[in-house]
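Read the structure below first, then the notes.
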Amino acid sequence: MAGISVWQLAIIAAIVVLLFGTKKLSRIGGDLGTSIKGFKRAMQDKPKDEA
């Protein structure tokens with residue numbers, strides 16, 4: 001079974017950076033992190049009736 005090598009990952013990362021640009025990628029990463037934090041917070045805030 002063939003896996004993905006480090007060189008293939010580097011090429012994919014370079015193509016993604018060329019397509020989207022570093023500013024847009026950092027904005028997407030920040031938005032994703034904020035979404036994950038909000039989701040985790042919502043999962044912890046259970047109503048008292050269910051607990």
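Please treat every number below as a calculation from the coordinates, not as lab data. Nothing here was measured: the structure is a model prediction, and the numbers come from that model. Cβ: placed from backbone, ideal geometry, glycine included. Neighbour counts: every protein chain shown.
Remarks
- Assigned charges on the beta-carbon of Lys, Arg, Asp, Glu; the chain dipole about Cα centre (debye): 200 debye
- Extension gain, Leu18 back to Leu32 (0.36 nm per residue minus Cα-Cα distance, nm): 3.0 nm
- FRET efficiency for the pair Ala10 and Asp45, taken as 1/(1 + (r/R0)^6) with r the Cβ-Cβ distance and R0 = 35 Å, rounds to 0.30.
- Here the chain has an Rg and Dmax of 18.2, 53 Å, counting Cα atoms alone.
- Summing charges over neighbours of Val16, with a neighbour being any other residue whose Cβ is under 15 Å away from its Cβ, gives +3 when K and R count +1 and D and E count -1.
- Crossing angle, helix 6-20 versus the chain [Cα axis fit, 0-90 degrees, rounded to tens]: 80 degrees
- Relative to the longest principal axis of the Cα atoms of the chain, the long axis of helix 22-44 lies at roughly 30 degrees.
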